[in-house]
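So the structure is just underneath, and the comments pick up after that.
The values are calculated or read from the model by the stated rules, or taken from the named source; none is laboratory data. Note that the structure is a prediction, hence the values are computed from the model and not measured. Positions of Cβ are generated from backbone atoms using ideal geometry, with glycine treated the same way; all protein chains shown enter the neighbour counts.
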Amino acid sequence: MAAPHEVRVILQDFGKPDSHTIGVYEAGGGYKALKKILVEEKDKWTPDAIIEEVKKSNLRGRGGAGFPTGLKWSFLPKGNDKPKYVVCNADESEPGTFKDRYLLEELPHGMIEGMIIAGLALNSNHGFIYLRGEFYLGWQRVEAAIKEAYAKGYLGENILGSGKTFHLATFRGAGAYICGEETALLESLEGKRGHPRLKPPFPAVKGLYGCPTTVNNVETFAAVPHIILKGGDWYAKLGVGDPKSGGTKLFSVSGHVKNPGVYEVPLGLPLKKLIYETCGGLREGRKLKAVVPGGSSTPILTADEAENATLDYEGMAKLGTMLGSGGLIVLDDSTDIVEFTYRIAYFYAHESCGQCTPCREGSRWVQDVLARVRAHDAQSEDVDTLLSFTENMGNGTTICPFADAVVMGVTPIVKKFRPEFEAYLQRTEAVPSGT
Amino acid sequence: MSTEKTYQFSPHAEARFKELETKFPQRSSLVIWALHLVQEDVGYIPRDAVDYVAQRVGVAPSWVAGVVSFYSMFHEEPIGKYNLNICYNASCYLMGSDKLEECVTRKLGIKPGETTPDGLFTYTRQAECLAACGKAPAIQVNEEYYEDLTPEKLEALIDELKKKG
Ligand SMILES: Cc1cc2nc3c(=O)[nH]c(=O)nc-3n(C[C@H](O)[C@H](O)[C@H](O)COP(=O)(O)O)c2cc1C
Ligand code: SF4
Ligand code: FES
């Protein structure tokens, strides 16, 4: 059952029994887009036509960066002198984000059909799905879905008699947040440590095994069949905010709301509607304190800032933050913000890949300072040092944006809730934590 | 040590490895897959398995060793039969994961990183969010997720696992 404001496109079969099986997916129109491209309208759907349709939809990458998907695909060279690869980023590990896990476990076929269509658009015969190692059930479901798709002739050689080939295989990560960064993911997929690569060259030119590659998020691929089936214009118009933010978006809502979960709503929905109507509001007697809008790496919004925020890329940018992965963490007035911040810092300190000194040392140091604040063992100057130090931690001095993510995830909280950090410095007793 | 058999894939792992060999255009991709197979076989990555994987895939043992040490899911030493990964991240914290940590320490007498003397349980503080935040607090025990937990439910789970042994 859809909640208020939900518009279910990707999630249309969510909650149905056996939603992960091919029968349920086909009954809801699954693999029709593929048939349209390869059989019914096969003269119309050249690779360029597919890319144009995706451009028209204003679909932007759902993994966090929000880069336009059609444009990203158009960067792959047209020639066929090297193999090309389609890679699905199913490494979901941005704190506060859990939508891809549901897609993998409950609706794997949408992603698979989207990847096959990407393969046709990019003249690629090979796709890989990189799942984070913890997703065991998701991996089993994806494996089973791939087998079903092969059996039906949607994957393999001569798909639906078209002469086209696309093979799909899974890969399991092994516990490293940084492998969600696309070049670290490719290193990992090549069997190495997950160390991000210096860019350029971008994966579109030199990706997996040195060949042109697109890396897209699970949700991004899952939107593609609907765009082909109903049209890019139709998809774009689903958005209700800035016209540049097309379509619906999955939001993973967690924290202090009555009904946390994954919801699919039009981009541009007011944040308040999502919290108070879709998610049933806060628990009784509680007031909103803050919202992390798009996963732990996106700057926090105070309750005041959240008041008029809209859930699209532009609306978030106006408030100095980002839509990110759509991992919304809602904090009510019972939250100990210092401990909350420490948990985020603890995570980053553990997950830096260690290649760049500012990131490796900086993220550890941020954690150390917050550990001292939390233990009532820091001075007010320490907080100042933290803020001035982090100004220089990212800003293009590192190989990948992880260092910036640490800064964006931590410092806005310290700045916006500084009195609570100061209060910790003065107290000597421990503060009760959690709910 | 000389009496100890050196590691090689179980028949099941061998069959899986052969299948995986057909799926990747370059063999180096098999390193991480092969390590997963080893860990499924013996529960951790013994030193001789590092050499074995290197030889089977065709890369240097130092490559494989570097991979083992990079990824948190690969264990270089044996761990408990049940690995209790308790999410320490933001959303689980908001929903009371501290009470789960406290419950494990009280019930099993172990702190993060420790294993019970009977070798049954290891308690891991999970730094990475488990992507279960909507049903926080959450833990993972080996491959399985347990969500919407309370200390009472966790206690019952631990009792059940103890009984299973
Ligand atoms: C530190 C870091 C972690 C990331 N983690 C993920 C992730 O877990 N899942 C994901 O899809 N993208 C993640 N990304 C974004 C990817 O680098 C990449 O932009 C994305 O996979 C592209 O797909 P999209 O265009 O469909 O969003 C991460 C980026 C960074 C810098
Ligand atoms: S910024 Fe951090 S995570 Fe990214 S490459 Fe450098 S050390 Fe690794
Ligand atoms: S914070 Fe624990 S599962 Fe996300």
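Summary table
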read-out: Hey, A:GLY114 assigned to a helix (DSSP H, G or I) and within 11 Å of chain B (Cβ to nearest Cβ) or not; value: no
read-out: Scan of segment A:92-107 for residues that are under 24 Å from A:GLY30 (Cα atoms) and more than 7 Å from chain B (Cβ to nearest Cβ), ordered by number; value: A:LYS99, A:ASP100, A:TYR102, A:LEU103, A:LEU104, A:GLU105, A:GLU106, A:LEU107
read-out: Residues located in segment B:76-105, provided they are of a type in the set (Ser, Thr, Tyr) and either more than 8 Å from every other protein chain (Cβ to nearest Cβ) or under 23 Å from B:THR116 (Cα atoms) (or both); value: B:TYR82, B:TYR88, B:SER97, B:THR105
read-out: Matching residues, segment A:371-404, being more than 14 Å from chain B (Cβ to nearest Cβ), within 16 Å of ligand 2 (Cβ to nearest atom) and surrounded by 15 or more Cβ atoms within 10 Å (Cβ to Cβ); value: A:PHE389, A:THR390, A:MET393, A:GLY394, A:THR398, A:ILE399, A:CYS400, A:PRO401, A:ALA403, A:ASP404
read-out: Selected residue [in contact with a Phe, Trp or Tyr (Cβ under 7 Å, 6 or more places away or on another chain), over 24 Å from B:CYS92 (Cα atoms) and touching a residue at least 24 places away in the same chain (Cβ under 8 Å)] from A:VAL383, A:VAL338; value: A:VAL383
read-out: Unique residue being out of contact with any Cys (no Cβ under 6 Å at 6 or more places or on another chain), crowded, with 24+ Cβ neighbours inside 10 Å, outside any loop (DSSP other than H, G, I, E, B) and not hydroxyl-bearing (Ser, Thr, Tyr) when the list is A:LEU323, A:LEU274; value: A:LEU274
read-out: A:VAL142 vs. criteria of a type in the set (A, V, I, L, M), buried (at least 22 other Cβ atoms within 10 Å of the Cβ), more than 16 Å from ligand 2 (Cβ to nearest atom) and in a strand (DSSP E or B); value: no
read-out: A:ASN158, sole failed condition from (1) surrounded by fewer than 24 Cβ atoms within 10 Å (Cβ to Cβ); (2) touching a Ser or Thr at 6+ places or on another chain (Cβ under 9 Å); (3) under 26 Å from B:PRO137 (Cα atoms); (4) not aliphatic (A, V, I, L, M); value: (3)
read-out: Residue tally, condition closer than 23 Å to A:HIS195 by Cα and more than 13 Å from chain A (Cβ to nearest Cβ), over segment B:53-75; value: 1
read-out: Filter result for B:ARG16 (modelled with pLDDT of 95 or more, part of a helix (DSSP H, G or I) and more than 20 Å from the chain's Cα centre (by Cα)); value: no
read-out: Residue in segment A:244-265 that is without any contact (Cβ under 8 Å) to a residue 60 or more places away in the chain, part of a strand (DSSP E or B) and more than 15 Å from A:GLY327 (Cα to Cα) present; value: no
read-out: A:ALA349 within 14 Å of chain B (Cβ to nearest Cβ), within 16 Å of ligand 1 (Cβ to nearest atom), without any contact (Cβ under 8 Å) to a residue 24 or more places away in the chain and crowded, with 18+ Cβ neighbours inside 10 Å; value: yes
read-out: From the options A:PRO212, A:PRO225, residue that is in the same structural domain as A:VAL54 (by TED's automatic domain parsing) and touching a Leu at 6+ places or on another chain (Cβ under 6 Å); value: A:PRO212
read-out: All helices (runs of 4 or more DSSP H) inside segment B:62-165 with 2 or more residues being among the polar types (S, T, N, Q); value: B:97-108
read-out: Check on A:HIS109, more than 21 Å from the chain's Cα centre (by Cα) and in the same structural domain as A:THR46 (by TED's automatic domain parsing); value: no
read-out: Residue within segment B:34-51 that is touching a residue at least 40 places away in the same chain (Cβ under 8 Å) and in contact with an Asp or Glu (Cβ under 9 Å, 6 or more places away or on another chain) present; value: yes
read-out: B:VAL50 at the interface with chain A (Cβ under 10 Å from one of its Cβ atoms), surrounded by 14 or more Cβ atoms within 10 Å (Cβ to Cβ) and farther than 23 Å from B:GLN140 by Cα; value: no
read-out: Criterion violated by B:LYS23 - all others in (1) in a helix (DSSP H, G or I); (2) within 13 Å of another protein chain (Cβ to nearest Cβ); (3) surrounded by fewer than 17 Cβ atoms within 10 Å (Cβ to Cβ) satisfied; value: (1)
read-out: Among (1) in a helix (DSSP H, G or I); (2) within 12 Å of ligand 1 (Cβ to nearest atom); (3) out of contact with any Phe, Trp or Tyr (no Cβ under 7 Å at 6 or more places or on another chain) - the single one A:THR398 does not satisfy; value: (1)
read-out: Test: B:LYS81 is among the basic types (Lys, Arg) and either more than 30 Å from A:LEU331 (Cβ to Cβ) or touching a residue at least 60 places away in the same chain (Cβ under 8 Å) (or both); value: yes
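Residues checked against (1) touching a Lys or Arg at 6+ places or on another chain (Cβ under 7 Å); (2) of a type outside the set (Phe, Trp, Tyr); (3) closer than 20 Å to A:LEU229 by Cα; (4) modelled with pLDDT of 95 or more:
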site: A:GLY79; (1), (2), (3), (4): no, yes, no, no
site: A:VAL87; (1), (2), (3), (4): no, yes, no, yes
site: A:GLU94; (1), (2), (3), (4): no, yes, no, yes
site: A:TYR102; (1), (2), (3), (4): no, no, no, yes
site: A:PRO108; (1), (2), (3), (4): yes, yes, yes, yes
site: A:MET111; (1), (2), (3), (4): no, yes, yes, yes
site: A:GLY114; (1), (2), (3), (4): no, yes, yes, yes
site: A:ALA118; (1), (2), (3), (4): no, yes, yes, yes
